[in-house]
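Only the coordinates and a few stated rules stand behind these numbers; no lab work does. Everything quoted here is computed from the prediction, not taken from an experiment. In this analysis, Cβ positions are derived from the backbone assuming ideal geometry, glycine residues included, and neighbour counts consider all displayed protein chains.
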Amino acid sequence: MSILVWLIVATIGAVALFFPGYGGLAQFAAWRAMRQRELVEDALKHLLDREQEGRHATPQSLAGTLSANLAQTIKLIAQMESQNLVESRGNEIHLTPEGERWALHIVRAHRLWERYLADEARMPLQKIHSEAHKREHHISQAELDALDAAMGYPTYDPHGDPIPSREGKIPTHRAIPLTAWQAEGPARILHIEDEPAIAYEQVLAAGLRLGQVIRLIEKTPTRYVLSDGENEFRLAPSIAANVHVAPLSETEIARKGAVPLHMLSDGQKGEILLLDESVQGFTRRRFLDLGLTPGALIYPELKNFFGDPRAYRVRGTLIALRKEQAAQIWVKPL
């Protein structure tokens, strides 16, 4: 290569590297800034989680969450203090009002993305947490509001965690771990803890799901046995602790004699009483748009050789529902 050609190539490379806004250094700086923002937002989420548990974060707990060493974490805390996001009191780290507002935005983004990925993208529940974590850092307030409105303002994510409103209000959660459940009557699963991931996967593999009504029929130091009236589920106590339940509401008790829609026999008519609490987001909006509202008359029509999906007649329209969808619609057989 001649000296002239070498100089031309070197010049082009230097321009590509240093050109403002487009060069390699500019791209690296943008990546580094985004990475720093993600660290700050992950730290804010950790602080909010701790405060909601009635505890406060420490540099040590934050370092463990971020998988960083203590020196890096202390430097990050100093940066967040300069941004008026946190304040240190001894060994405790507290959110400022601005830090809490930002943390709630990230939590809202994460849980709305999980709702979208589960309902609309039909992504397996085991994968939505990691994907939502990637997306939560790249959405503006306006985009988040639009996503929330499009999904019908859901109040809970697919794990049962409450979704903060735009104003930062969080719905109350009355569920308790199955290991603390003492009543003999039926209970509804309102929350399934998704961490650690291996425990969450075992709960799903057992066949348990959010919104399911179960009864605790056996409890020993080595296992919990549950029943939903058709199937039995066996869990180790450490796994059962990830399942949170609550007593049935007065509305659910009042619907005694009601059955899930898929249990109607061919041609049997039923009156829709309510949609299951687990029906959120796009799914709830679609059900309502299809006319699946309380008081509507509905009945199975047209047999499917394979059994699923099944055709139903409601308000003069024929619609197809999968069994898992029909199980979320409670009807009174007529």
Practice task
Express in nm, to one decimal, how much length is gained between His173 and Val213 on full extension, taking 0.36 nm for each residue of separation and deducting their alpha carbon distance.
Solution key: 12.7 nm
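Count neighbours as other Cβ atoms within 10 Å of each site's Cβ, and list the trypsin sites (Lys or Arg not before Pro) in the stretch 53-100 that are DSSP loop with at most 15 such neighbours.
Arg55
Run the helix sum for the chain: -39,500 (n - 2.57) per DSSP H stretch of 4+ residues, divided by residue count, reported at 222 nm to the nearest 500 deg cm²/dmol.
It lands at -13000 deg cm²/dmol.
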Handout entry: For the chain, projected area of the alpha-carbon convex hull averaged over all directions, nm²
Key = 26.0 nm²
Exercise for the section: Using a cut-off of 14 Å between beta-carbons, work out the net charge of the residues near Arg284 (Lys and Arg +1, Asp and Glu -1, Arg284 not included). Expected result: -4
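As an exercise, identify the trypsin sites (Lys or Arg not before Pro) in the stretch 182-275 lying in DSSP coil whose Cβ has no more than 10 other Cβ atoms within 10 Å.
For trypsin sites (Lys or Arg not before Pro) across the stretch 182-275 that sit outside H, G, I, E and B with at most 10 neighbouring Cβ atoms in 10 Å, the list reads Lys256.
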Handout entry: Dipole magnitude (debye, nearest 20) for the stretch 176-248, charges at Cβ of Lys, Arg, Asp, Glu
Key = 160 debye
Practice task
Could you tell me which of rounded, prolate or oblate describes the stretch 254-333, using a ≥ b ≥ c as the square roots of the eigenvalues of the alpha-carbon gyration tensor, with rounded for a/c under 1.5 and, failing that, prolate when a/b is larger than b/c and oblate otherwise?
Solution key: rounded
Completion exercise
In order over the stretch 210-215: 3J(HN,Hα) from phi, Karplus 6.51/-1.76/1.60, θ = phi - 60°, whole Hz, x for each Gly or Pro, gives 4, x, 5, 9, 10, 9
Handout entry: Unit charges at the beta carbon, dipole of the chain: most positive-side option, Thr220, Leu235, Ser82
Key = Leu235
Problem - GluC sites (Glu not before Pro) within the stretch 113-158: DSSP coil, no more than 14 neighbouring Cβ in 10 Å - result: Glu120
Exercise for the section: On a C-alpha basis, how far is the centre of the stretch 59-93 from the centre of the stretch 197-218 in Å? Whole number, if you could? Expected result: 36 Å
Exercise for the section: Would you mind pulling out the separation of the Cα centroids of the stretch 111-179 and the stretch 289-334, in Å? Expected result: 27 Å
Handout entry: Label-to-label distance, nm, for residues given as Lys303 and Thr96 (7 Å Cα→Cβ offset)
Key = 7.0 nm
Exercise for the section: Please identify the helices of the chain, taking whole runs of DSSP H, that span at least 24 Å along their own axis as judged from the Cα atoms and have a mean Kyte-Doolittle score of -0.5 or higher. Expected result: none
Handout entry: Theoretical FRET efficiency, 1/(1+(r/R0)^6), r = Cβ-Cβ of Gln182 and Lys332, R0 41 Å, to 0.05
Key = 0.85
Practice task
Report the relative contact order of the stretch 176-248, percent, no decimals, based on alpha-carbon pairs under 8 angstrom and at least 6 residues apart.
Solution key: 46 percent
